[in-house]
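Participant: The structure that follows is given in the form of structure tokens.
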Amino acid sequence: MKNLIQQVIEAQHRFRNSWDEVPHEETTAIPINKMESVLSELEERLKNNYPFYHPRYAAQMMKPPHEIAVAAYLMAMQINPNNHALDGGPATAKMELEVIQNIAHMFGYKQHLGHLTSSGTIANLEALWIARSIHPEKAIAFSSSAHYTHSRMCRVLGIQGIEIPVNDNHTIDLNALEQELKQGTIGTVVATLGTTGVGALDKLQEIIPLCKKYGVRVHADCAYGGFFTLLARNPQPIINAEPFLALPEADSIVVDPHKHGLQPYGCGCIVFKDPTIGKYYKHDSPYTYFTSKDLHLGEISLECSRAGAAAAALWATLQCFPLQHDKGLGMILQKTRRSALLWNDEIKKYSSLATFVQPQLDIVTYFPVPKNSSATKVSLLSEKIFHNAMNHSEQPVYLAKFIVDSSIIKRNIPSFELDQPQTTILRSVLMKPEHFQFISQCIKEIAALTEE
Ligand SMILES: *Cc1c(COP(=O)(O)O)cnc(C)c1O
């Protein structure tokens, strides 16, 4: 990192040395020791964080960006290009078009229109906004396990959002969906490939033909799970490949490089299958024909200012970690996926622990099984384990909590007492390849806490 940062600093020198010197400016001049002491204070204050980089942090969907992303971001940020307009950052705008091309290709789109966004929320907002533009009078359907952004954005856009129930494995109930589709009120269905809670994969391969039958569009929210597409093309996939292989048929796809793409926050992405949807973004002279090359990024995105540095960081990262199943990012995702599978196997060794749903990607959900187990007992124990694991004096482990319908547990454990409708269980997102080697020890520690 030191070497990389050195190179970043020198690059900035070279960039500035190509113009004549800027005279000293006193309003922006601050003594170096003042800035140093502020940074020291910042360091202190930042200690109030969990160690997201460490395998002992097995909780939320969080990890630091890769070194190459940090260095590239810093290099570009010192120039501070704005990818809203071509003249705001010609170099980084070109990088953005290149990475979008790579991502669209990864999903199997033959042509596309798309861009980076500052988050998955904004990317999904754009997808739903286009959905509304195409079917102004119609509703948007999503499952009850979809990210809450969909119901929220429907309210923002003033369109009706229809929540479809899920099966026990948290995927959208296709019969319930068809019942709604028959009403003729839905214009777009949102499929989630990798729900944020348990990583469940909606059956896109069945949703697509169903929606075709009713003339309805499909948006795929792959904010968390999108990059697992890489594993679907593997000759022996270690994931359920079918939903991912149907992605080329989806009308739009969202993926978050700031989740599984090794990027710092501020990097989401939306791609549309049909480039002509660019007409809905147009704010002045209406064109009649669009290709992705015709339009500036600012003309095809809802946001105005956006960090060119985010595009530079993703571009640099993809040079080091290509979007392939047998190297680069694919290797990392294979490892995180294998971590979830290993976790599941290890859990089976302890009678005091049980799996909630079979992991489909790299999120695991599990719970302690006390004698005469009930919803209140499991919830109380989960809370205790969560708390004691985090506060362990020598070996802290950071886990997340997750609230589920008690009836789902009851179907697997008939003696489970339903004394409250919901149960708190435990959840871990194993999104760092470093988790793999730590898993058997981690579960041993959790099991020990459970026994205690
Ligand atoms: C994280 C996530 C979002 C929201 O994305 P942000 O980048 O957090 O704004 C939307 N949908 C899914 C499925 C997600 O996992």
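Participant: Within the stretch 374-404, how many residues turn out to be in contact with a helix residue (DSSP H, G or I) (Cβ under 6 Å, 6 or more places away or on another chain), of a type outside the set (A, V, I, L, M, F, W, C) and within 19 Å of residue 197 (Cα to Cα)?
Facilitator: Total meeting the criteria: 2.
Participant: Every residue in the stretch 112-129 that is assigned to a helix (DSSP H, G or I) and not aromatic (Phe, Trp, Tyr), please.
Facilitator: Matches in the stretch 112-129: 120, 121, 122, 123, 124, 125, 126, 127, 128.
Participant: Residues that are over 19 Å from the mean Cα position of the chain (by Cα) and more than 30 Å from residue 441 (Cβ to Cβ): does the stretch 58-71 have at least one?
Facilitator: There is at least one residue in the stretch 58-71 that is over 19 Å from the mean Cα position of the chain (by Cα) and more than 30 Å from residue 441 (Cβ to Cβ).
Participant: Here is a follow-up. Where residues in the stretch 157-180 are of a type in the set (Asp, Glu) and touching a Ser or Thr at 6+ places or on another chain (Cβ under 8 Å), which of them is farthest from the ligand (Cβ to nearest atom)?
Facilitator: The qualifying residue farthest from the ligand (Cβ to nearest atom) is 173.
Participant: Residues in the stretch 266-289: is at least one on the phi > 0 side of the Ramachandran plot, surrounded by 24 or more Cβ atoms within 10 Å (Cβ to Cβ), at pLDDT 95 or above and within 15 Å of the ligand (Cβ to nearest atom)?
Facilitator: The answer is no, given that none of the residues of the stretch 266-289 is on the phi > 0 side of the Ramachandran plot, surrounded by 24 or more Cβ atoms within 10 Å (Cβ to Cβ), at pLDDT 95 or above and within 15 Å of the ligand (Cβ to nearest atom).
Participant: May I pose another question? Tell me, which strands (runs of 3 or more DSSP E) wholly within the stretch 353-452 include 2 or more residues that are within 23 Å of the chain's Cα centre (by Cα) and buried (at least 18 other Cβ atoms within 10 Å of the Cβ)?
Facilitator: Strands (runs of 3 or more DSSP E) meeting the threshold: 363-368, 400-405, 422-429.
Participant: In this structure, is residue 232 small (Gly, Ala, Ser), surrounded by fewer than 24 Cβ atoms within 10 Å (Cβ to Cβ) and out of contact with any Ser or Thr (no Cβ under 6 Å at 6 or more places or on another chain)?
Facilitator: Considered against the rule, which asks whether it is small (Gly, Ala, Ser), surrounded by fewer than 24 Cβ atoms within 10 Å (Cβ to Cβ) and out of contact with any Ser or Thr (no Cβ under 6 Å at 6 or more places or on another chain), residue 232 comes out as yes.
Residues checked against (1) acidic (Asp, Glu); (2) without any contact (Cβ under 8 Å) to a residue 60 or more places away in the chain; (3) crowded, with 21+ Cβ neighbours inside 10 Å:
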residue	(1), (2), (3)
70	no, no, yes
90	no, yes, no
136	no, yes, no
141	no, yes, yes
150	no, no, yes
155	no, yes, no
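Participant: For the stretch 166-269, list the strands (runs of 3 or more DSSP E) that sit wholly inside it and hold at least 3 residues that are within 25 Å of residue 364 (Cα to Cα); which are they?
Facilitator: Where strands (runs of 3 or more DSSP E) fall fully within the stretch 166-269 and carry at least 3 residues being within 25 Å of residue 364 (Cα to Cα), they are 186-192, 252-255.
Participant: Tell me, yes or no, whether the stretch 207-219 has at least one residue that is small (Gly, Ala, Ser) and within 16 Å of the ligand (Cβ to nearest atom).
Facilitator: no
Participant: Right, another one. Within the stretch 98-111, does at least one residue satisfy the condition of being among the hydroxyl-bearing types (Ser, Thr, Tyr), part of a helix (DSSP H, G or I) and at pLDDT 95 or above?
Facilitator: No: zero hits.
Participant: Which one of the conditions (1) surrounded by fewer than 14 Cβ atoms within 10 Å (Cβ to Cβ); (2) in contact with a Phe, Trp or Tyr (Cβ under 8 Å, 6 or more places away or on another chain) does residue 61 fail to meet, given that it meets all the rest?
Facilitator: Every condition holds for residue 61 apart from (1).
Participant: Now for a separate question. What are the residue pairs meeting all of these: first residue in the stretch 305-334, first residue at pLDDT below 95 and crowded, with 18+ Cβ neighbours inside 10 Å, second residue assigned to a helix (DSSP H, G or I) and not aliphatic (A, V, I, L, M), Cβ atoms under 8 Å, and 6 or more apart or on different chains?
Facilitator: These pairs meet every condition: 325/334.
Participant: Within the stretch 225-265, take every residue that is among the acidic types (Asp, Glu) and farther than 20 Å from residue 198 by Cα and give me the one that is nearest to the ligand (Cβ to nearest atom).
Facilitator: Filtering the stretch 225-265 for residues that are among the acidic types (Asp, Glu) and farther than 20 Å from residue 198 by Cα, the one nearest to the ligand (Cβ to nearest atom) comes out as 251.
Participant: Only one residue in 133, 151 is assigned to a helix (DSSP H, G or I), more than 16 Å from the ligand (Cβ to nearest atom) and among the small types (Gly, Ala, Ser). Which one?
Facilitator: 133
Participant: Mind checking which residues of the stretch 181-197 are closer than 28 Å to residue 260 by Cβ and away from the ligand (no atom under 11 Å from the Cβ)?
Facilitator: 188, 189
The values are calculated or read from the model by the stated rules, or taken from the named source; none is laboratory data. Just so it is clear, the model here is predicted, and its values are computed rather than measured. A quick note on method: Cβ atoms are made from the backbone with ideal geometry, for glycine too, and the neighbour counts reach across all protein chains shown.
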